[in-house]
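The values are calculated or read from the model by the stated rules, or taken from the named source; none is laboratory data. Since this is a predicted model, take the numbers as computed values, not measurements. Cβ placement follows ideal geometry from the backbone for every residue including glycine, while neighbour counts extend to all protein chains displayed.
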Amino acid sequence: MVSTLGSPDVLCLQEIRLREVDEAQLAAMASALPGYDCAWALARDPKNVTFRGGRMYGVATFTKKALRAESRGFPWDREGRALVSFVAGLAIVNVYAVNGTPKPYWDHDLERFEGDRHAWKRRFLARLAEECAALGRPLVLTGDWNVTRTKLDTFPRLRTEEPHALARAQLNDAFMPGLDVVDVWRELHPEERKYSWFNRVAVARGRLDAARVDYVLLSRSLLPDARAADVLEDPKLRGRSDHAPLTLSLRLRGARAPQRRSRAPRGARGAARR
C-alpha cells in the first residue's frame, strides 16, 4: 500500500482499532514507517465503545520527520475520530466521522442517553466545525465522512430519507460553507464518477453498490494550489478494506516542490506496517 502510494508527506489512516493499553501494537505502528512521526487519537469511551473490547474507531497520522509536525486531538472526542496536525502553516485534520445508527448515545456532558447515533453524528460535525474554525490556519480536512454529498457520488441511488438527508444538509449547507472549505476532488472533476466505499457482498456477486463518502475538504484559499487529487478505485489498493485511498498533491506557496497528502483506506492498519 505505502509503496504504491509513493512517499507522501502526510499519510492519514482511519479506523485503526487500537486502544491505549495495546502498547505493543501502538509501538509497532509508530515505527512502521521509518522517517515518519506518528500521532493518533484512540477510542476511550466505555459507555459508547464496547464492541471488540473497545477496539473500535481511532485515527492515526504519519508525517515526515522533516516537517516537524505538532499533533493533538480534542478532549471531547472520546471515540478517537479526529486528530489535527499542524504542518507548514496548515491545519491537517484527520477525520473518521460518525456512522449514524438507531443505537442510543450516552452523552457524557449530560450524563444520560441523549438521542441516537444519527443525532450524535450531527453533533459531532457541529463540534468539529467549532474546533476547526478556532484553529486560525488554512484547513485540509481529510477522511471518511460517512455522508454521500450528491446523486453523482453514489450508485444505485442516493438515500434521501431521514435521517440521512439531515446529515447531508448539515455537511453541504452548514459545515462546508461555515468553514469556507470545498470538496477538492469534485472541484477538479465536476462531472466524474468515482467511489471510495464498496459493498463487498455486492462486489462478490458482480454488482455495484458504492458511494463516495471519503473526501478532502480544502480551504477555498488553497484551491488554486491543488495540483491533483484522486480516488484510487483499483481493488488491489484496497486490500481487505472496503474503502479506497485518496491522494492530494498540494503546492505550498513558497515551497520548491508540491507537497503530497494521502489517506489510506480505513481498517488498513496492516498497510501501515508494510
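Can you tell me which residue within the stretch 106-155, out of those that are of a type in the set (S, T, N, Q) and not in a strand (DSSP E or B), is farthest from ALA88 (Cα to Cα)?
Only one residue tops the list, namely THR150.
Spot the failing condition for LEU223; the list is (1) crowded, with 16+ Cβ neighbours inside 10 Å; (2) among the aliphatic types (A, V, I, L, M); (3) farther than 22 Å from ALA97 by Cα, and only one is missed.
Just one mismatch for LEU223, condition (1).
To keep it simple, each residue is scored yes or no on (1) over 20 Å from LEU125 (Cβ atoms); (2) crowded, with 18+ Cβ neighbours inside 10 Å; (3) at pLDDT 95 or above; (4) charged (D, E, K, R).
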site: ALA32; (1), (2), (3), (4): yes, yes, yes, no
site: GLY35; (1), (2), (3), (4): yes, no, yes, no
site: ALA43; (1), (2), (3), (4): no, yes, yes, no
site: ASN48; (1), (2), (3), (4): no, yes, yes, no
site: PHE51; (1), (2), (3), (4): yes, no, no, no
site: LEU67; (1), (2), (3), (4): yes, no, yes, no
site: GLU79; (1), (2), (3), (4): no, yes, yes, yes
site: ALA82; (1), (2), (3), (4): no, yes, yes, no
site: PHE86; (1), (2), (3), (4): yes, no, yes, no
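Looking at (1) assigned to a loop (DSSP other than H, G, I, E, B); (2) at pLDDT 95 or above; (3) out of contact with any Leu (no Cβ under 7 Å at 6 or more places or on another chain), can you tell me which one ARG19 breaks?
(3)
Any idea which of (1) farther than 20 Å from TYR215 by Cβ; (2) in contact with a Gly (Cβ under 6 Å, 6 or more places away or on another chain) is the one TRP76 doesn't satisfy?
Against the list (1) farther than 20 Å from TYR215 by Cβ; (2) in contact with a Gly (Cβ under 6 Å, 6 or more places away or on another chain), TRP76 comes up short only on (2).
Within the bounds of the stretch 189-209, is there any residue that is under 30 Å from PRO46 (Cβ atoms) and buried (at least 20 other Cβ atoms within 10 Å of the Cβ)?
yes
Residues checked against (1) assigned to a loop (DSSP other than H, G, I, E, B); (2) of a type in the set (A, V, I, L, M, F, W, C); (3) free of Cβ contacts under 8 Å to residues at least 40 places away in the same chain:
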| residue | (1), (2), (3) |
| --- | --- |
| ALA28 | no, yes, no |
| THR61 | no, no, no |
| SER71 | no, no, yes |
| PRO75 | yes, no, yes |
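Any residue in the stretch 11-28 that is touching a helix residue (DSSP H, G or I) at 6+ places or on another chain (Cβ under 7 Å) and within 25 Å of ASP225 (Cα to Cα)?
yes
Could we say that ASN94 is part of a loop (DSSP other than H, G, I, E, B), of a type in the set (S, T, N, Q) and in contact with a strand residue (DSSP E or B) (Cβ under 7 Å, 6 or more places away or on another chain) here?
Taking the combined requirement at face value, the residue does not satisfy it.
Checking the condition under 19 Å from ALA82 (Cβ atoms) and surrounded by fewer than 15 Cβ atoms within 10 Å (Cβ to Cβ), which residue from LEU139, LEU110, LEU128, LEU135 passes?
Residue meeting the stated conditions: LEU135.
Within the bounds of the stretch 173-184, is there any residue that is modelled with pLDDT of 95 or more, among the aromatic types (Phe, Trp, Tyr) and in a loop (DSSP other than H, G, I, E, B)?
There is no residue in the stretch 173-184 that is modelled with pLDDT of 95 or more, among the aromatic types (Phe, Trp, Tyr) and in a loop (DSSP other than H, G, I, E, B).
Okay, residues lined up against (1) under 18 Å from the mean Cα position of the chain (by Cα); (2) of a type outside the set (Gly, Ala, Ser); (3) more than 27 Å from LEU250 (Cβ to Cβ); (4) at pLDDT 95 or above:
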{"site": "ALA119", "(1), (2), (3), (4)": "no, no, yes, yes"}
{"site": "ARG123", "(1), (2), (3), (4)": "yes, yes, yes, yes"}
{"site": "GLU130", "(1), (2), (3), (4)": "yes, yes, no, yes"}
{"site": "ARG186", "(1), (2), (3), (4)": "yes, yes, no, yes"}
{"site": "ASN199", "(1), (2), (3), (4)": "no, yes, yes, yes"}
{"site": "ARG207", "(1), (2), (3), (4)": "no, yes, yes, yes"}
{"site": "ALA211", "(1), (2), (3), (4)": "yes, no, no, yes"}
